[in-house]
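A.B. asks: Let me begin by handing over the structure; questions about it come next.
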Amino acid sequence: MSIYDTLNERQQEAVYHMDGPVLILAGAGSGKTRVLTHRIAYLIEQKRVNPWNILAITFTNKAAGEMRDRVDDIVGFGSESIWVSTFHSTCVRILRRYIERLGYGNNFTIYDTDDTKNIMKDICKRLQIDTKTLKERTLLSVISSAKDSLISPVEYELKAMGDYTKQRAAQVYKEYQEVLHKNNALDFDDLIVKTVELFKTCPDVLDYYQERFRYIMVDEYQDTNTAQFELIHLLAGKYRNLCVVGDDDQSIYKFRGANISNILDFEKVFPEAEVIKLEQNYRSTQTILDAANAVIRNNVERKEKALWTEKGEGDQIHFRQFDTAYEEAEFIAGEIGKKKKYGKAEFRDCAVLYRTNAQSRILEERFIMEGIPYDVVGGVNFYSRREIKDMLAYLKTIDNGRDDLAVKRIINVPRRGIGATTILRVQEYADARGLSFYDALREADQILSIGKSAAKLKPFVMMIQSFRSKLEYYSLQELMNDIIETTGYVKELQESDEEDAEDRIQNIDELVSKVVAYEDSHDDPSLSEFLEEVALVADIDGVDAEDNRVLLMTLHSAKGLEFPHVYLAGLEDGVFPSYMTITSDDPSAVEEERRLAYVGITRAKEDLTITCAKQRMLRGETQYNPVSRFVREVPGELLDNKPQIFKKKTDFEEYRETPESRARFQTAPYGGNYAGAPSQAADWRPKAVVKPKRTDPENKPFIAQGIGSLAGVAGLSKGAGTKQASLEYGIGDRVRHIKYGEGTVLNIVDGPRDYQVTVLFDKAGQKIMYAAFAKLKKI
DNA sequence: CGTACTAGTCTTTTT
DNA sequence: GACTAGTACG
């Protein structure tokens with residue numbers, strides 16, 4: 001009996017197919033990682049392929065790590081020379097060796113989103129871009145998608161002909177690349193783009209890697225963008241032994257440039273490709289798969305397939321609709337508590353998935369009350385916290401003086417009395433002489449324009465220089481401690497009365513531990529390498545399966561994971577699918593959300609619970625949303641409760657909380673607390689059990705018009721923030737604004753999101769404002 | 001130059 | 001509602 005006997009026929013086919021391109025369409029839970037690892041083993045053991053010639057690419061470090069472990073287990077000796085890594089780290093490794101050919105230094109730094117935003121702000125100021133009409137964010141995403149599609153600044157400029165905004169963007173793009181180059185920095189997209197550029201301009205380098213990577217495997221292939229595709233295409237160009245694994249139904253990264261045609265058109269690019277479908281699912285019950293299949297069937301753009309399992313039918317899917325998001329959270333926490341209490345599940349077996357990070361807070365509050373241990377994946381990345389970024393900026397400055405951004409970040413942190421004017425003067429000096437900012441600092445006494453401030457710069461430069469010389473014989477841990485000591489960073493935090501000073505210090509300690517862990521796990525640790533690893537971590541990478549905790553995360557983060565018990569929260573039209581996609585005129589936007597729903601459903605092994613709330617706070621405003629269309633796409637017989645659909649205003653009235661609904665809720669069977677929870681849990685109430693705000697001073701219900709379609713209900717809201725069905729004032733009416741005082745309504749324009757109201761205020765003059773935000777009152 | 005307050009913006013999703 | 005950038009003031 002060999003290790004391959006445990007594979008099903010289709011899987012074996014995929015494993016044994018060695019030469020030439022293969023596309024494995026692997027449905028959720030169909031054992032694709034198993035196929036990949038077995039394939040690697042087969043290549044080495046049976047085909048005598050040198051492990052050194054194998055490259056396996058994934059998207060996250062976590063996936064790479066898991067693949068690595070499994071390959072090590074199954075292959076044993078020689079497995080360490082297999083190259084298993086993410087797209088980004090693969091490219092970094094290649095660029096560290098060869099980027100000099102493109103005119104960058106091999107010790108380039110990697111800019112994260114924060115850094116690029118700062119750069120962009122600077123550029124906009126210099127090019128006098130009006131950031132009211134053309135936002136930094138927009139420009140960055142324009143540049144990013146250009147890069148994802150391998151469009152260079154020059155090409156972009158050509159395409160921009162005749163379009164003023166695009167021409168401006170082209171200018172910015174060009175400038176942006178120049179700044180990055182000057183700082184010897186690459187952004188995330190550049191890592192891929194520059195590697196492709198390197199391969200295209202240096203045939204010898206390409207040839208080297210083609211020879212090296214004779215067998216290439218790509219996981220989550222549906223998430224590749226055009227640049228990544230080109231990279232793979234180039235690498236596999238010679239031997240064409242390319243095996244890609246993916247599921248078009250799980251393509252959820254379009255916003256990041258993922259090009260679904262990479263998988264849909266694979267056979268066009270590689271006509272000799274063999275296509276293998278894996279449809280047997282080893283993860284979930286048939287009921288769960290039926291639900292997933294039923295939902296995804298509504299998509300037009302996909303390759304037909306249907307998951308099936310030999311597992312039994314399993315339980316019905318649980319569906320609950322609540323009045324408020326608080327009740328929803330209480331239910332979920334309560335259920336998980338009960339499961340733990342009655343030995344049905346461990347905390348680590350449970351995951352709560354939601355559409356947006358903002359939804360985690362309310363769940364967290366409830367989990368704390370119930371005393372249920374949890375971890376939130378994502379949200380604010382550890383490495384983007386202020387104190388961590390400060391520390392890293394010190395390390396970057398020490399490592400690479402060309403990173404102006406890092407130097408500017410810390411030059412006055414902790415305070416050294418160096419202000420904006422001084423920084424500006426130094427920058428001018430640097431620009432005039434083509435120096436980096438840091439090198440200009442070193443010549444501070446030559447910069448006449450800064451006068452006596454030069455004296456403040458000197459100690460800073462001295463300090464950095466001394467860190468640099470210590471780098472020779474210090475360990476990274478010693479260096480870190482020296483920085484903390486010498487700069488007095490932690491000391492300042494200790495003395496500050498800031499509320500979160502304690503957390504910050506802990507985070508810095510955590511960073512020190514990460515430095516230590518890094519040094520322990522690498523043979524030849526270097527500062528540059530540490531910074532690089534840190535730059536490429538994803539949120540999911542830090543998740544530790546050993547901890548017995550409930551995991552809370554977005555649906556995006558959940559891809560590739562599985563749990564016995566899954567809770568999908570916030571299944572409401574307007575939340576999931578998001579308001580943005582519902583109102584978008586691009587129907588494929590909803591399809592992408594539907595794929596996300598498919599991903600969510602198929603995370604569950606045994607037990608799936610779907611919840612939603614009739615009203616919830618979103619962006620500080622109470623919203624009323626109907627049950628998600630995705631729930632309505634699940635056949636009724638699979639659900640233990642049928643979704644109620646609200647069509648009429650009278651139904652809608654019931655959304656509001658009444659004493660009865662509260663009482664009903666409190667005695668509800670699932671409302672109980674998990675045993676062992678703090679006693680105050682029973683009394684716990686969120687800060688605002690929502691009393692719908694009224695825009696109407698008379699406290700009358702607003703006048704709803706045009707309700708009768710679901711779309712109408714979705715757009716309705718009581719408080720400010722969303723478009724109302726109608727306004728209480730009209731043109732010519734006198735109104736009062738909280739800040740501008742009294743005025744006369746001149747005009748009202750009905751827009752897609754809200755009414756645009758023009759008011760001539762007696763004192764403040766004429767203003768155009770959105771009705772929902774203006775909160776005008778008729779007088 | 002540094003602090004404190006205010007006004008505006010924003011919400012999908014992330015390597 | 002939360003966060004951030006910008007501004008006015010000491």
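The values are calculated or read from the model by the stated rules, or taken from the named source; none is laboratory data. Being a predicted model, the structure only gives us computed values, none of them experimental. Every residue, glycine as well, gets a Cβ built from its backbone with ideal geometry; the counts of neighbours run over all protein chains shown.
A.B. asks: Any residue at all in the range A:424-444 that is over 19 Å from A:Ser526 (Cα atoms) and either in contact (Cβ under 8 Å) with a residue 60 or more places away in the chain or outside the structural domain of A:Ser513 (by the TED database) (or both)?
C.D. replies: Within the range A:424-444, one or more residues are over 19 Å from A:Ser526 (Cα atoms) and either in contact (Cβ under 8 Å) with a residue 60 or more places away in the chain or outside the structural domain of A:Ser513 (by the TED database) (or both).
A.B. asks: Within the group A:Thr324, A:Thr285, which residue is touching a Pro at 6+ places or on another chain (Cβ under 9 Å) and more than 24 Å from A:Lys254 (Cα to Cα)? Outline the logic, then answer.
C.D. replies: On the way: A:Thr285 fails: touching a Pro at 6+ places or on another chain (Cβ under 9 Å).
Result: A:Thr324 is the single residue among A:Thr324, A:Thr285 that is touching a Pro at 6+ places or on another chain (Cβ under 9 Å) and more than 24 Å from A:Lys254 (Cα to Cα).
A.B. asks: Okay, next question. Within the range A:582-597, is there a residue that is of a type in the set (Gly, Ala, Ser) and crowded, with 22+ Cβ neighbours inside 10 Å?
C.D. replies: Within the range A:582-597, the first condition is being of a type in the set (Gly, Ala, Ser), and the residues that meet it are A:584, A:588-589, A:597.
Of the ones still in play, those that are also crowded, with 22+ Cβ neighbours inside 10 Å are A:597.
For the range A:582-597, residues of a type in the set (Gly, Ala, Ser) and crowded, with 22+ Cβ neighbours inside 10 Å: present.
A.B. asks: Among the helices (runs of 4 or more DSSP H) contained in the range A:269-376, which hold 1 or more residues that are of a type outside the set (Val, Ile, Thr), within 16 Å of DNA strand C (Cβ to nearest atom) and surrounded by fewer than 17 Cβ atoms within 10 Å (Cβ to Cβ)?
C.D. replies: The qualifying helices (runs of 4 or more DSSP H) are A:360-370.
A.B. asks: Filter the range A:114-132 down to the residues that are outside any loop (DSSP other than H, G, I, E, B), surrounded by fewer than 19 Cβ atoms within 10 Å (Cβ to Cβ) and either more than 12 Å from DNA strand C (Cβ to nearest atom) or free of Cβ contacts under 8 Å to residues at least 24 places away in the same chain (or both) and list them by number.
C.D. replies: Those that are outside any loop (DSSP other than H, G, I, E, B), surrounded by fewer than 19 Cβ atoms within 10 Å (Cβ to Cβ) and either more than 12 Å from DNA strand C (Cβ to nearest atom) or free of Cβ contacts under 8 Å to residues at least 24 places away in the same chain (or both): A:Lys117, A:Lys121, A:Lys125, A:Arg126.
A.B. asks: So, restricting to helices (runs of 4 or more DSSP H) that lie completely within the range A:562-644, which ones have at least 1 residues that are in contact (Cβ under 8 Å) with a residue 40 or more places away in the chain and more than 12 Å from DNA strand B (Cβ to nearest atom)? Steps first, answer last, please.
C.D. replies: Numbers: elements: A:579-583, A:587-601, A:629-632.
The qualifying helices (runs of 4 or more DSSP H) are A:587-601, A:629-632.
A.B. asks: Which condition breaks for A:Lys194 when tested against (1) under 23 Å from A:Leu55 (Cβ atoms); (2) within 15 Å of DNA strand B (Cβ to nearest atom); (3) not in a helix (DSSP H, G or I)?
C.D. replies: Failing condition for A:Lys194: (3).
A.B. asks: So, in the range A:377-410, exactly how many residues are part of a loop (DSSP other than H, G, I, E, B), closer than 27 Å to A:Ser557 by Cα and in contact with a Gly (Cβ under 9 Å, 6 or more places away or on another chain)?
C.D. replies: Initial filter on the range A:377-410 (part of a loop (DSSP other than H, G, I, E, B)): A:377-381, A:385, A:400-403.
Within this subset, residues satisfying the condition of being closer than 27 Å to A:Ser557 by Cα are A:377-381, A:385.
Adding the requirement that they be in contact with a Gly (Cβ under 9 Å, 6 or more places away or on another chain) leaves A:377.
Within the range A:377-410, residues that are part of a loop (DSSP other than H, G, I, E, B), closer than 27 Å to A:Ser557 by Cα and in contact with a Gly (Cβ under 9 Å, 6 or more places away or on another chain) number 1.
A.B. asks: Step by step: first the residues of the range A:238-261, then only those that are assigned to a strand (DSSP E or B) and aliphatic (A, V, I, L, M), then the one that is farthest from DNA strand B (Cβ to nearest atom). Which residue is that?
C.D. replies: Within the range A:238-261, the match that is farthest from DNA strand B (Cβ to nearest atom) is A:Leu242.
A.B. asks: May I pose another question? Find all pairs meeting these conditions: Cβ atoms under 7 angstrom apart; at least six residues apart or on different chains; first residue within the range A:534-545 and within 16 Å of A:Ser513 (Cβ to Cβ) and at pLDDT 70 or above; second residue within 16 Å of DNA strand C (Cβ to nearest atom) and aromatic (Phe, Trp, Tyr).
C.D. replies: A:Val534/A:Tyr383; A:Val537/A:Tyr383
A.B. asks: Among the numbered conditions (1) of a type outside the set (D, E, K, R); (2) within 16 Å of DNA strand B (Cβ to nearest atom); (3) at negative phi, tell me where A:Gln446 comes up short.
C.D. replies: Result: A:Gln446 passes all but (2).
A.B. asks: Let me ask something else about it. For residues that are closer than 28 Å to A:Ala444 by Cβ and among the basic types (Lys, Arg), scanning just the range A:372-422, find the one that is nearest to DNA strand B (Cβ to nearest atom). Full working, then the answer.
C.D. replies: To start, the set of residues in the range A:372-422 that are closer than 28 Å to A:Ala444 by Cβ comprises A:386-387, A:389-422.
Those left that are additionally among the basic types (Lys, Arg): A:386, A:389, A:396, A:402, A:408-409, A:415-416.
Working: A:Arg386: 14, A:Lys389: 15, A:Lys396: 18, A:Arg402: 22, A:Lys408: 13, A:Arg409: 14, A:Arg415: 4, A:Arg416: 6 Å.
Out of the qualifying residues, it is A:Arg415.
A.B. asks: So which of A:Asp509, A:Asp503, A:Asp523 is more than 19 Å from the chain's Cα centre (by Cα), surrounded by fewer than 17 Cβ atoms within 10 Å (Cβ to Cβ) and not in a helix (DSSP H, G or I)? Outline the logic, then answer.
C.D. replies: On the way: A:Asp509 fails: not in a helix (DSSP H, G or I); A:Asp503 fails: not in a helix (DSSP H, G or I).
One residue alone meets the criteria, A:Asp523.
A.B. asks: Which of the residues that make up the range A:96-113 are more than 25 Å from the chain's Cα centre (by Cα) and either closer than 20 Å to A:Arg385 by Cα or in a helix (DSSP H, G or I) (or both)?
C.D. replies: Answer for the range A:96-113, where residues must be more than 25 Å from the chain's Cα centre (by Cα) and either closer than 20 Å to A:Arg385 by Cα or in a helix (DSSP H, G or I) (or both): A:Arg96, A:Arg97, A:Tyr98, A:Ile99, A:Glu100, A:Arg101, A:Leu102.
A.B. asks: Right, something else. Can you run down the residue pairs with Cβ atoms below 6 Å, 6 or more apart or on separate chains, where the first is in the range A:344-370 and over 25 Å from A:Thr622 (Cα atoms) and the partner is within 15 Å of DNA strand C (Cβ to nearest atom)?
C.D. replies: Matching pairs, first to second residue: none at all.
A.B. asks: What's the number of the condition A:Glu230 fails, among (1) in a helix (DSSP H, G or I); (2) over 17 Å from A:Asp189 (Cβ atoms); (3) not β-branched (Val, Ile, Thr)?
C.D. replies: Evaluating A:Glu230 over (1) in a helix (DSSP H, G or I); (2) over 17 Å from A:Asp189 (Cβ atoms); (3) not β-branched (Val, Ile, Thr) leaves (2) as the failure.
A.B. asks: Return yes when A:Glu621 is in contact with a Gly (Cβ under 7 Å, 6 or more places away or on another chain) and modelled with pLDDT under 85 and no when it is not.
C.D. replies: Values: in contact with a Gly (Cβ under 7 Å, 6 or more places away or on another chain): yes; modelled with pLDDT under 85: yes.
Judged against the criteria, A:Glu621 is a match.
A.B. asks: So, in the range A:92-124, of the ones that are more than 16 Å from DNA strand B (Cβ to nearest atom) and charged (D, E, K, R), which residue ends up nearest to A:Phe188 (Cα to Cα)?
C.D. replies: The qualifying residue nearest to A:Phe188 (Cα to Cα) is A:Arg96.
A.B. asks: If you don't mind, there's one more thing I want to ask. Somewhere in the range A:137-157, is a residue of a type in the set (Asp, Glu), away from DNA strand B (no atom under 12 Å from the Cβ), without any contact (Cβ under 8 Å) to a residue 40 or more places away in the chain and assigned by the TED database to the domain that holds A:Lys32?
C.D. replies: Filtering the range A:137-157 for residues of a type in the set (Asp, Glu) gives A:148, A:155, A:157.
After this cut, where a residue has to be away from DNA strand B (no atom under 12 Å from the Cβ) as well, the list is A:155, A:157.
If we keep only those that are without any contact (Cβ under 8 Å) to a residue 40 or more places away in the chain as well, we get A:155, A:157.
Next, from what is left, pick out any that are assigned by the TED database to the domain that holds A:Lys32: none.
No, that holds for no residue.
A.B. asks: Taking helices (runs of 4 or more DSSP H) that fall entirely within the range A:1-78, which contain at least 2 residues that are surrounded by fewer than 16 Cβ atoms within 10 Å (Cβ to Cβ)?
C.D. replies: Per the criteria, A:9-16, A:61-75.
A.B. asks: Now for a separate question. Modelled with pLDDT of 90 or more, more than 16 Å from DNA strand B (Cβ to nearest atom), crowded, with 16+ Cβ neighbours inside 10 Å and under 30 Å from A:Ile232 (Cα atoms): which single residue out of A:Tyr173, A:Tyr208 fits that description?
C.D. replies: Only one candidate passes the filter, namely A:Tyr173.
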